[in-house]
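Chemist: Let me begin by handing over the structure; questions about it come next.
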Amino acid sequence: MRTHCRTLRDERGSTLPLAIGLITICLLAVAIATDVTAVYLQRRNLMVVADAMALAGAQAIDVDAYYANGATRGTRLDPGRVVTAANGYLDRSEARSSIPGLTVEQIATDGQVVRIGLEAPLRLTFFTGLVQNSPNAVVRVESLARLDFRPSA
């Protein structure tokens, strides 16, 4: 009987470390899920801005050629107007204030396609210390828009 009582006494309180471990794992899972979601949302917001800038740039055609020849396959984008239109969109939108550290990496065109590259520092909620001083802790996106005319029938 004594051995049986001693065994019961030794097992008491063993569920407390198990509960603490389980709660720790659950909190860690919530923190990881929150930071992964934050990265996804940052990338999505940056992509929205890049897409809008590319579309604004794709509307910056060479006006002189357009008025001289009309809307043909030879209608090209004006590189200077593309940069002005893309930066103009960025200035009119609230992107610079809503995305801290937003930098424009690239605004380029080959006359038909506009390429926009944006970058912003990664902002995490829980694991900020892991990425705080890392030069690779950035979100980069690239967006393309193409000037396309369909001849009228």
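FYI, it's all coordinate maths here, none of it is from the lab. Everything quoted here is computed from the prediction, not taken from an experiment. Neighbour counts run over all protein chains shown; Cβ positions are idealised from the backbone, glycine included.
Chemist: I need the helices of the chain that pass two filters: whole DSSP H segments spanning 15 Å or more by Cα along the axis, and mean Kyte-Doolittle score no lower than 0.5.
Modeler: Qualifying helices, which must be both long enough and hydrophobic enough, are 15-58.
Chemist: Can you give the Kirkwood hydrodynamic radius of region 44-121 from its Cα pairs, in Å with one decimal?
Modeler: On the way: mean 1/r = 0.0771 Å⁻¹.
Here the Kirkwood hydrodynamic radius works out to 13.0 Å.
Chemist: Still on this model: Translational D (Stokes-Einstein, µm²/s) of region 15-146 at 20 °C and 1.002 mPa s when Rh comes from the Kirkwood sum over C-alpha pairs?
Modeler: On the way: Rh = 17.2 Å.
Estimated diffusion coefficient is 124 µm²/s.
Chemist: While we're here: Where is the GNM fluctuation largest for the chain (alpha-carbon springs, 10 angstrom cutoff): LEU55, LEU46, LEU130?
Modeler: Among LEU55, LEU46, LEU130, the largest mean-square fluctuation in the Gaussian network model of the chain belongs to LEU130.
Chemist: Follow-up question, since we're still on this one. Quick one: compute the contact order of region 15-146, relative version, from alpha carbon pairs under 8 angstrom and 6+ residues apart, as a percent.
Modeler: Values: 184 pairs, mean separation 39.5, N = 132.
It rounds to 30 percent for region 15-146.
Chemist: So, with +1 on the Cβ of K and R and -1 on the Cβ of D and E, and no other charges, what is the size of the charge dipole of the chain about its Cα centre, to the nearest 20 debye?
Modeler: Working: 16 positive and 14 negative charges, 153 e Å.
About 740 debye.
Chemist: Follow-up question, since we're still on this one. Give me a comma-separated list of calculated 3J(HN,Hα) values for region 108-118, in order, Karplus coefficients 6.51, -1.76, 1.60 applied at θ = phi - 60°, integers in Hz, x for any Gly or Pro.
Modeler: With the stated coefficients, region 108-118 comes to 9, 8, 10, x, 10, 10, 9, 10, 10, x, 10 Hz.
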